[in-house]
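Notes to accompany the following structure.
Derivation of every value follows stated rules applied to the coordinates shown; laboratory data play no part. Note that this is a predicted model, so its numbers are computed, not measured. When we count neighbours, we look across all protein chains shown, and the Cβ atoms used for this are built from the backbone with ideal geometry, even at glycine.
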Amino acid sequence: MYTTLKSLGWLITFCLLLVVAFLALLHTPYAQPVLNPLVQKLSHQKISFGELNYSIQSPLHLTLSDVSIESEKNINIQQVDFWLSQHPIQNNKLAFDSVKIDGISLQTGLPNTQQLDWLSIAQLSISNLDFADDGLVIREAQVQLSNWSIDKTKTLPFEGEFQFSTQQLYWQSEALDDVLIDGYYSQDYTALDGISLTWRGSTITAQAELKENKLWVIPQFTLRRFNLESDNADIIGKPLQWLSEQHFTYQFKRIDLLNINLELPQIVTNDLSLSAENILLPYDLWEQTNANISLNADSIVWNETMIEKPIMDVTLNKKEANIENLSFDIFNGNIQLSGDLSPHKINLKSLTISQIRWLIDNKDTDSIVQYIKQLEQVKIDNVDINNVQVIQPEGKYPYQVSGLNAEGHDLDLLKYYQWGLWDGKLSLSASNASFNYLLTQQMLIEMNTENGLWTVERALFPLAEGLFGFSGSLNLTQDSQPWQVEAYGDGLPISYLTSLFPHTVPLDGMAEFTFNGSGLAANRDSFNYSFNGDLNIIPREMVTTQTAKELWQYKLGLVPDTEQPDNAVKEPKTKQASYPIHVEPIHISANRGRITIKPITITGDGFSYNIEGDYDLVNPEKAETITSITQECHQLVQKLFSDTVQMINYCQ
């Protein structure tokens, strides 16, 4: 027994002497040639180092300088510090509490570290890292990783807290300065507790959290002082495309875009600030749920239209936008509104329009018509329009309204795809207006609807030399929608009335008229079958601008002798001649869609012009309304809506 204990003591002593000798060796010039083969054996790599520093006072700390690793990608490191764990073998791996790498250049991407699966590092720190790979360039980066260990079953070789910082990073040819990322990573969960960087003079700060490797929850994202112009618009397109290719969903709990200036073909913004909450991407605006957006700017130009001082506070919730407040200056005026909007519905609490001067072109008209066609409902609780001007000089029927004022309450304007005043009260007035060049001043319209009965109490249109007015009603709630109208007028230009019908002779003068009508408006067939009415017209001061010969040529479709062809040299215009004519009072009646025209005779110097016959709204192709012009014993006869002209000769 004594012999055994003595032998064991000698063995322990010998091992201690070996350890002492090994530690002593680390302080001698022989450390490098002795340890180089040992390190290569353990790492399966051709590794060499120039200098080794070790102190017995810190027995678990070792420093290697001028480290060179020969592989497919040669690596040079200025200095590596190792702190061995007090429990050096953990999970069958050599364990280090900390490894610090200072001064490393990786110009061809990350090295293959699969052969280091025998190694684990609790804290890995890398300083002064230069890196380049696949369009990504990093300069003087600092990296700190927790629990670094090669595991072929995991995506990344570390787990826990990490930090990355660099003075400059190039990605997709863009420079990112002062980049700092703090976070936590595991196989099933990633949190970026802090992200900050500077890009093109703009600052970006953010936080993010990856859940189930498919949803990025972003508690906060802030972009400040960002400028974007047309010639560099792709700097946004490329990152957005890259993000979309990752097939993640991005849930922004809050976004702040502050002091944004854009100059793009379709939109220009000046000092735009936008804040949003609960935004889900890549879903579009009408797919958001409880998403709040607030916006203000000095100005926005949208499709060449200037919008100044916009302020908006809106909540998006599943194809509906709840607008708490929307205000902006446009066309030298201001618009304010609040309420709900959707692709197919307008339901506003209030709408105020003031001092607008809107010149509408055909493009605007097409956009308005296209939008109106998709609407299913329009309601406005309160509408207030003050001194608005709208001008549409183009199109078949040009119009303009100036000094337009409107006041409405509880308006229901579109229901069952039919426009009308389904409910509410509305009054309209204007200082002047014109439709198809018919001018009116100080016009007034007052209407209301109760229990589905839409009543126009009065509509007055003062004319240059007279007045036009009407009143009427339409019951929108009855299936047949019965209607009735009473209209009257005096000083109405005859030329305006004749322009609404084909093949009429050029007439001018004034007319006094009365009209009473009624019928059903459920659809076109109901209207045609039910239309009843009486129209009485008393013409006065009647003239025509053509002689009997010119009227004859005009009716035959010939160019009158007094007119010049388009390619002729035109003489200066003189005042157009006029020739007095006589027109008897006109009476037209309608019974259940059949219109009867009491013979109308127009007589002038050397001619007479007649209109007579019936017209059926139900069967217009069977209309027997005939127009004729007679000169001496010659007559031209034509149906009202036909291009065929028949010549009759009564001469013997």
Principal axis dimensions, largest first and in whole angstrom, of segment 574-629 by Cα: 46, 21, 20
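Can you tell me the relative contact order of segment 108-170? Whole percent, Cα pairs under 8 Å, sequence separation 6 or more.
So the answer I get is 32 percent.
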Mean Kyte hydropathy of 0.0 or more with a Cα span along the axis of at least 20 Å, helices from DSSP in the chain: 2-25
Residues with amide H under 5 Å from that of residue 307, placed H, sequence gap 5 or more: 300, 301, 302
Segment 299-369 - Rg over Rh from alpha carbon coordinates, Kirkwood radius: 0.98
Computed over segment 267-377: relative contact order in percent, which uses C-alpha pairs under 8 Å that are six or more apart: 17 percent
Span from the segment 215-262 Cα centroid across to the segment 115-146 one, whole angstrom: 27 Å
Of 59, 342, 148, farthest towards positive along the dipole that unit charges on Lys, Arg, Asp, Glu beta carbons give the chain: 59
log10 of Debye I(q)/I(0), alpha-carbon scatterers only, for segment 213-368 at 0.11, 0.15, 0.18 Å⁻¹: -0.53, -1.00, -1.37
Point-charge dipole on Cβ atoms (K/R +1, D/E -1) for the chain, about Cα centre, debye to 20: 1400 debye
Under the Karplus curve 6.51 cos²θ - 1.76 cosθ + 1.60, θ = phi - 60°, whole-Hz ³J(HN,Hα) for segment 127-132, x wherever Gly or Pro sits: 10, 6, 8, 10, 9, 8
Computed [θ] at 222 nm, helices only, for the chain once each DSSP H run of length n ≥ 4 contributes -39500 (n - 2.57): -4000 deg cm²/dmol
Entries of 309/379; 154/319; 309/396; 549/598; 318/363; 238/345 with Cα pairs more than 32 Å apart: 154/319; 309/396; 238/345
